[in-house]
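Participant: After the structure tokens below, expect a handful of questions from me.
Only the coordinates and a few stated rules stand behind these numbers; no lab work does. Note that the structure is predicted; figures quoted are calculated from it, not measured. Note: ideal-geometry Cβ built from the backbone for every residue, glycine included; neighbour counts use all protein chains shown.
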Amino acid sequence: MMRHLLKVLLVLLFSPCLLCLGGGAYIWGRHTLREGWGIGVGNNRWMPVGPEEPGWDIHDRFYVGDHSAFFTRHWDVRSSAIWRVSRHGMRLVSFFDGIVLDLSSAEGVWFGVLSKPVEVGRSDERIHQIIRSVDGGESWEVRGVLPDWGELLAVSPREVWALSSWMLVVSTDGGQTFSPVALAGKPDFLRDRLVPGPNGTVWLLGPSGLFRLSDQGRTWTYEPMPEAELQAGDGGMLAGRVGEWLAIRRDAPGEEWRPITDQPHYVSGLAVSGDTVRVLSFPSDPFKDGGHTWYHHSEDGGRTWEHVDTGLFKVAIHGLEWGMGAEIRGPLFGHVPGGMFTQR
């Protein structure tokens, strides 16, 4: 009797109908979990965008601009590629001989740093070219050359800044040529960050103070901020660690620091639009506090906050409500409602 029962169970288990049902249930469940999982905070609703391939790699980097978003990938020191992301999915748009190290956009124009081996010289010697796209990443042209690798910040289609560990430079001709910017007391830029300031200005954030630069660097001021470790800036607002808290402060006389969270994190992203403030933070010690990005949302200028563990390992945000990221299975995520990324 038991032998007959076992045969029946085996037949049912491996029957084509049940295999189809099982496979269908798996696909339905995976799809439902992906579609039902997102980031719903404030007026944000980030939902998965597909397809899931090509996944993501630890070296991938995400960039979100005014009209488009990309992620970059390199396989070795000689080749890389760029994918364009929209609410309809993602599409491979460009291959490069070299590594795309950074991207930045202004008014729909994208600039990048492309690192390539020199044709003649040491095997480890590289050249760092500025590349530009005016058609949403469909095509790229080589502009000028940076004296060293640099973090990019595009302020306009003509004004582009770059910051290396030892030099700050600016271009006023769309990345064709660069000129050094001298700042008193700044021999080392290793821990500094370039961020957009208000009204077309540029901020240089350091661990202990803020440079405000205007007129392509010809005019600047410096304010020491010993009470804060500055980590991000956007929309006229600063973010960083103040004592035991992550906090924000508008850059205006008499403004006070407003706490975000007392988690042992650092600020990895900031996007401000009016009174809507969106902050990304990441654990200072991922082995102790986990390796997921946290999302913090305020709609009253930082007086009250909502917080969520995104479950994502990499996230990038820009402007109002926009974002993209990746989790362990590999799919990219974005903000779908409202048209996400306008094609341009």
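Participant: Put a dot 7 Å past each Cα toward the Cβ at Ser208 and Asp275; how far apart are the dots in nm?
Facilitator: The modelled label-to-label distance comes out at 3.8 nm.
Participant: Once both labels are modelled 7 Å past Cα along the beta-carbon direction, what's the Asp188-Glu255 spacing in nm?
Facilitator: 3.0
Participant: Let me ask something additional. Contour minus end-to-end for Ser164 and His307, with contour as 0.36 nm per residue of separation and end-to-end as the Cα-Cα distance?
Facilitator: This chain segment gains 48.1 nm when fully extended.
Participant: What spacing in nm lies between the two simple spin-label points modelled at Tyr222 and Val134, each 7 Å away from Cα in the Cβ direction?
Facilitator: In this crude spin-label approximation the distance works out to 3.8 nm.
Participant: Loop-only check: which GluC sites (Glu not before Pro) in segment 125-226 are DSSP coil with at most 16 other Cβ within 10 angstrom? Let's see the in-between values first.
Facilitator: On the way: sites: Glu125, Glu138, Glu141, Glu151, Glu159; in loops: Glu125, Glu138, Glu159.
For GluC sites (Glu not before Pro) across segment 125-226 that sit outside H, G, I, E and B with at most 16 neighbouring Cβ atoms in 10 Å, the list reads Glu125, Glu138.
Participant: Place a label point 7 angstrom from the Cα of Lys288 along the Cα-to-Cβ direction, then list the residues of segment 251-270 whose backbone nitrogen is under 19 Å away.
Facilitator: 261-268
Participant: Calculate, in nm to one decimal, what Ser156 and Ala81 gain on full extension: separation in residues at 0.36 nm each, minus their alpha carbon distance.
Facilitator: Roughly 24.5 nm would be gained on extension.
Participant: For segment 163-221 and segment 258-280, what is the separation of their C-alpha centers, rounded to whole Å?
Facilitator: So the two Cα centres are separated by 23 Å.
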